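What follows is a short report on a single structure.
The values are calculated or read from the model by the stated rules, or taken from the named source; none is laboratory data. Keep in mind it's a predicted model, so treat the numbers as computed, not measured. Virtual Cβ from ideal backbone geometry, glycine too; neighbours counted across all protein chains shown.
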Amino acid sequence: MASKYIALSFDDGTPNDERLVPLLNKYGIKATFHLNAGLIPMDDEVSEWNRLPLSRLEHLYVGHEVAAHSYSHPDLRDLIEEEILDELIMDFKILDVCFKQKTLGFAYPFGTFDERVIQQLHLSPALYARTIRDTHQFNKPQDLYLLDPTCHMSTPDLFELTQKFIDEKSNEPLFFLIWGHSYELNTVQDWERFESFLKIISEEESIVSGSILECLRLMNLCS
């Protein structure tokens, strides 16, 4: 039977990440964090956009993937081609410097895109681009610039999908991709529910947890 891979993907770099990341680390679960370099404060204060400052981000994500999300989080469809590429390139370049890495992943801001956006992505360092078009499936990705997630982290059927993923048998690799924002974990019940999910995943030996990029590489879908 083929391997089962799971990746968690969180957007924006907001203050709840400081509670989320230690929880992921507790269960040995890796994740991808998509950031807007132009909205990251360079002082020590949380910004008006509710973004964590670089001084609190640069060590937070150690062991996880930091990926791009556009420089300033516009709806990229509203921009001309040159502006789209600028939003992409600036984000990748600054994240490279801030996190001392080669940034290779991307998530569409607002989940919106069109053919022009995808064309510009091909001119950027992006190896993949995550959408927000939930499939509720675990199919091996076919188009890395249209990387559709399985579900949102708050979907009512998260545990049903998790059990289905555990039970599923296939000759092809299976990929469970979950997306969301840490600020959506608002209540004690939200956090308890999410921790229960992490515990289930961590105890299942058949599941490999990785960042999006790690999972794609393990499936031999990118270099």
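Before moving on, here are some points about what is shown:
- Members of the range 1-14 found to be assigned to a loop (DSSP other than H, G, I, E, B), of a type outside the set (Gly, Ala, Ser) and surrounded by 15 or more Cβ atoms within 10 Å (Cβ to Cβ), listed by number: Asp12, Thr14
- If the condition is being touching a residue at least 24 places away in the same chain (Cβ under 8 Å) and exposed (fewer than 13 other Cβ atoms within 10 Å of the Cβ), then the range 155-195 contributes Lys169, Asn171, Glu172.
- For the range 22-51, the set of residues classified as out of contact with any Phe, Trp or Tyr (no Cβ under 7 Å at 6 or more places or on another chain) and part of a helix (DSSP H, G or I) consists of Pro22, Leu23, Leu24, Asn25, Lys26, listed by residue number.
- Single unsatisfied condition, Pro22 versus (1) surrounded by 14 or more Cβ atoms within 10 Å (Cβ to Cβ); (2) over 19 Å from Ile132 (Cα atoms); (3) not hydroxyl-bearing (Ser, Thr, Tyr): (1)
- Qualifying residue in the range 91-103 (condition: basic (Lys, Arg), assigned to a loop (DSSP other than H, G, I, E, B), within 24 Å of Ser209 (Cβ to Cβ) and in contact with a strand residue (DSSP E or B) (Cβ under 8 Å, 6 or more places away or on another chain)): no
- Within the range 127-155, restricting attention to residues that are among the hydrophobic types (A, V, I, L, M, F, W, C) and in a loop (DSSP other than H, G, I, E, B), the residue that is nearest to Glu115 (Cα to Cα) is Ala129.
- For Met42: the one exception among (1) modelled with pLDDT under 95; (2) among the hydrophobic types (A, V, I, L, M, F, W, C); (3) within 19 Å of Tyr183 (Cβ to Cβ): (3)
- Filtered residues of the range 178-221 (kept if within 17 Å of Gly105 (Cα to Cα) and charged (D, E, K, R)): Glu214, Arg217
- Filter pass, Gln119 being in a loop (DSSP other than H, G, I, E, B), surrounded by fewer than 22 Cβ atoms within 10 Å (Cβ to Cβ) and polar (S, T, N, Q): no
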